[in-house]
Amino acid sequence: MQGHLDIQLIAIVTAVACALPGVFLVLRRMTLMSDAISHAILPGIVLAFFFTESLSSPLLILAAAGTGVLTVVFVELLQRTKLVKEDAAIGLTFPALFSIGVILISRFAGNVHLDMDAVLLGELAYAPLNRLNVFGYDLGPVSVYVMGTILLLNLAFILLFYKELKLATFDASLAATLGFAPTLIHYGLMTLVSVTTVGAFDAVGSILVVALIAGPPATAYLITDRLSLMLTLSAVIGSVNAVSGYWLAYLFDVSIAGAIATMTLLVFGLVFLVVPNRGLIAIARRRTRQKWEFAQTMLVIHLFNHERLPEAEAESEIAHLHEHLRWDPTFATQVVKYALNNRCVSQEETLLTLTERGRTVAQQALVQ
Amino acid sequence: MQASETKAIEVTDLTVAYQDQPVLWDVDLDVPPGVLLSIVGPNGAGKTTLIKAILGLVRPAAGNVLIYGKSYEAQRRIVGYVPQRGSVDWDFPTNVLDVVMMGRYGALGWVRRPGKQERELAMNALEKVGMEAYTNRQISQLSGGQQQRVFLARALVQDATVYLMDEPFQGVDATTERAIVTLLQEFREKGKTVVVVHHDLQTVTDYFDWVMLLNIRRIASGPVDETFTPENLRTTYGGRVAFMTK
Amino acid sequence: MENLSILTHLDYTLMIVAIGAALLGAVSGTLGTYAVLRRQSLLGDAISHAALPGIAIAFLLTGSKTPLILVIGAAIAGWLGTLLILSIIRLTRIKYDSALGIVLSTFFGFGLVLHTLIQRTGNANQAGLDTFLFGQAATILESDVLTIGILGGIAIVIMLVFWKELKVLVFDEGFAASLGFPIRALDILLTSLLVIAIVLGLQAVGAVLMSAMLVAPAVAARQWTNKLSVMMFLAACFGALAGVSGTIISSSASRIPTGPTIVLCATVVVGFSIAFAPNRGLLWDWFRHQRNKHNLKMTASNLLKQPQRGSE
């Protein structure tokens, strides 16, 4: 039972730590930078591992995070030559650095007990085995403390620079003119992302870390516009994904990290489907409802535009409406009925005329 | 039906909506042949959308577009299009001549490649816009005005009867502006119809015969001296006077 | 005598691997050119990762490890991933980068789940996943070379047949549509060709490094020419060069994996091209800058010598 709890605790802490900076990456359209960082830090990890021999040593985390920031700098330098677009710059940089890492690992595999699969895919199941012992007391898994520290670091950065981050995200040039140094904020964020990525390696590996960083914030973005709410929701969604992923993995006896990523996709899909206003179902329902509203508005605008003009009579003949508006005749009849019910038009024999209300609807539609 | 055959472009009750937001409401527009027409209106008035709807690039929610009495699909060969200059990546690895020859791709049809004849047509068109010295120039090495003239040359080789141009005067130098104006006049002499999205109200009377004032719906359209009135302008730019000063 | 036959045998194996790697490099270089020009460099990364569940499901359904069946599975999954990315962008306000990141990582995660499921049934071995991640260039056989040659060849021939149409689509989509070309269909065609290139390339360098094989040759080639056809040809050559040199280098010493070595070779070609290519290269740019500065100084000092002339 303790094992269950420990793993879920690590998963939750990792997920929240990733989701918080992820919100800003998603909003700043820099998600792929985190993908690049998570791969490119491999040589940093390998080199640091030569010295520390431990994947969760603070020194290793710092060295790897340094490599991550270097990656960002390198991508930006490449872009600045104007010879390479951003996507290509990312696509060039991280595979090269990652390749160096892989070659280092396999060249010195004899001297280094670094498992390639652990780096790429992580293994949450083993994370609780490495425990923090102080004076013989078992204080829980080391990972919880490492990721917990990183989580607090992220939280502190976001709380401290909330205003600056917000401004730099939504209007970088305004932030610059106000003296908020968006570049500094940018690199601060990138450093945090690097540190977080390295920390999360242990648990989920370099490929799936992107699911933790991008998944919950993107899901939250479907639900809310408010930055503060988006941060909270991301943390909650990240935790839900982590816990449900864990149980999915437990039930089917499959990879925990993979199951968390799968849950991330499922939860995203579910929210995408059902969220009010922006979900697929809401869109479809609004479309049907608005189809009529829209058609009615078109009808009144059509009548309005031709009102008191010589051709008015021809244009408002019910029998010919469908020709003018290019509607199917049955549809045209239904729209007229809908508009009559709403008292936007009135019928005089075969002619339609606008009511006062219809005229207002038309005018309002034209003003917007 | 008789009447529509004498119209180069006939737009009736055109409504276009992006998602749920209408961008064009019940727009009518008749353009007689051989007319230079400019479409003016504030930002977000739907000028580009109107052009795109005429070209069938956006699907209208309602309404109809006829070109010489037939649908765009049927008349594609006689329509030339000059998109906004900013809509393409000018670092694309190609040269001036090659871009101009793209104007023949439609006439060539599937799979057939441009040959000597297309090359000659392209050279002639480049001469007309004063770009013959830049034939082999990589397109990223051109100034904004030169890029615009390349686009015009590309439309020229389409040898169309009806031309639709999206902001050709946007950010060009004086030489290019003169070149475009000369070209427009030449088009008029040949009886071609040209519709131009335009933003410079000062030059409307000088460059164009007809004008359409658009702000989501058509405010007015017709000969410049009748239509381009302060009253119509006020209606068009109405509560958005701020846009005029921009 | 005995020794000699072993030697020739080894060389023969190496030759087959090198030919295979060269072909893969050429195919991905060619089709990667369009990916780079359309700013879809990282779509390749997403497709290659998204292919994993497809491979796993293909295996679960057929129980077969035949490359062709796995390739079909990978292609379908890669395709679905692309479709999902496009729908997310179209229907929500989530941007391209996030949509891509989510699909890439979660599809891969789902593939991982399936993979562990397969492993538990004892039907497959661990090698499968490593192969997917890093490729297995060293085990390319004659029959693989044939598959790569035929599929890659077909993809390139299709691209050449629709050369004009694809070119105008990539350069100016709106104009292409106004000419009456069905841009949606052409777009699907181009993406499908890219999927083929990626799924083939997975064999050589694996999912993680595939994007480099698409991007690097094209970026390097762009430096040397301003012509699309030449760029594509050069990209194919650079891709092949990276493939061959990577294979040879990794075979010359022990424990140097082939895929990453191929990628590093491609990166070296890019670095060299960005630095030294005429006209676009950084060195060239620097010289031009210096010369301009010098000329400007000369003009300025000439003007200063006779300051009054102009105004008189």
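The values are calculated or read from the model by the stated rules, or taken from the named source; none is laboratory data. Small disclaimer: the values here were computed from a predicted structure and weren't measured. Note that we place each Cβ from the backbone using ideal geometry, even for glycine, and neighbour counts take in every protein chain shown.
So here's what we get for this one:
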| item | result |
| --- | --- |
| One residue from B:T193, B:T235 being modelled with pLDDT of 85 or more and among the polar types (S, T, N, Q) | B:T193 |
| Selection within the range B:21-69 - β-branched (V, I, T) and either within 12 Å of chain A (Cβ to nearest Cβ) or under 15 Å from the mean Cα position of the chain (by Cα) (or both) | B:V23, B:V27, B:V31, B:V35, B:I39, B:V40, B:T48, B:T49, B:I51, B:I54, B:V65, B:I67 |
| The range C:78-122, subset more than 20 Å from the chain's Cα centre (by Cα) and hydroxyl-bearing (S, T, Y), residue surrounded by the most Cβ atoms within 10 Å (Cβ to Cβ) | C:T106 |
| Tally, over the range A:4-31, of residues that are within 14 Å of chain C (Cβ to nearest Cβ), out of contact with any Gly (no Cβ under 6 Å at 6 or more places or on another chain) and of a type in the set (A, V, I, L, M) | 6 |
| Criterion: hydroxyl-bearing (S, T, Y) and surrounded by 17 or more Cβ atoms within 10 Å (Cβ to Cβ) - qualifying residue of A:S228, A:S206 | A:S206 |
| Among the candidates A:L70, A:L139, A:L83, A:L77, residue that is more than 17 Å from C:V208 (Cα to Cα), modelled with pLDDT of 85 or more, outside any helix (DSSP H, G or I) and not β-branched (V, I, T) | A:L83 |
| Qualifying residue in the range C:155-175 (condition: out of contact with any Phe, Trp or Tyr (no Cβ under 8 Å at 6 or more places or on another chain), buried (at least 19 other Cβ atoms within 10 Å of the Cβ), modelled with pLDDT under 90 and of a type in the set (V, I, T)) | no |
| Residues of the range C:255-270 classified as under 13 Å from C:A218 (Cα atoms), surrounded by fewer than 24 Cβ atoms within 10 Å (Cβ to Cβ) and facing chain A (nearest Cβ under 8 Å), total | 1 |
| Conditions (1) under 23 Å from B:Q147 (Cα atoms); (2) outside any strand (DSSP E or B): number failed by B:T235 | (1) |
| Neighbours by Cβ (under 7 Å, 6+ apart or cross-chain): first from the range C:266-282, part of a helix (DSSP H, G or I); second among the hydroxyl-bearing types (S, T, Y) | C:I274/A:T81; C:L282/A:T81 |
| Where C:K65 falls short, out of the listed (1) charged (D, E, K, R); (2) within 11 Å of chain A (Cβ to nearest Cβ); (3) at negative phi | (2) |
| From A:F272, A:F268, A:F331, A:F252, residue being more than 14 Å from chain C (Cβ to nearest Cβ) and of a type in the set (F, W, Y) | A:F331 |
| Selected residue [more than 11 Å from every other protein chain (Cβ to nearest Cβ) and in a helix (DSSP H, G or I)] from B:R119, B:R77 | B:R119 |
| Sole residue being surrounded by 18 or more Cβ atoms within 10 Å (Cβ to Cβ) and touching a residue at least 60 places away in the same chain (Cβ under 8 Å), chosen from B:L201, B:L213 | B:L213 |
| Qualifying residue in the range B:165-188 (condition: farther than 25 Å from B:D225 by Cα, free of Cβ contacts under 8 Å to residues at least 60 places away in the same chain and surrounded by 20 or more Cβ atoms within 10 Å (Cβ to Cβ)) | yes |
| Residue match in the range A:184-204 (condition: within 11 Å of another protein chain (Cβ to nearest Cβ) and in contact (Cβ under 8 Å) with a residue 60 or more places away in the chain) | yes |
| Single match in A:Q364, A:Q368, A:Q296 (criterion: closer than 22 Å to B:A220 by Cα and at pLDDT 75 or above) | A:Q364 |
| Boolean, C:G101 is modelled with pLDDT of 90 or more and in contact with a Ser or Thr (Cβ under 6 Å, 6 or more places away or on another chain) | yes |
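Each row is one residue, and each column tells you yes or no for (1) within 21 Å of A:A362 (Cβ to Cβ); (2) in contact with a strand residue (DSSP E or B) (Cβ under 6 Å, 6 or more places away or on another chain); (3) surrounded by fewer than 23 Cβ atoms within 10 Å (Cβ to Cβ); (4) among the charged types (D, E, K, R).
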| site | (1), (2), (3), (4) |
| --- | --- |
| B:A8 | no, yes, no, no |
| B:T12 | yes, yes, yes, no |
| B:D28 | yes, yes, yes, yes |
| B:P33 | no, yes, yes, no |
| B:I39 | no, yes, no, no |
| B:I51 | no, yes, no, no |
| B:P60 | yes, yes, yes, no |
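Results for (1) at pLDDT 90 or above; (2) hydroxyl-bearing (S, T, Y), shown as yes or no for each residue.
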| residue | (1), (2) |
| --- | --- |
| B:F151 | yes, no |
| B:T176 | no, yes |
| B:R188 | no, no |
| B:I219 | no, no |
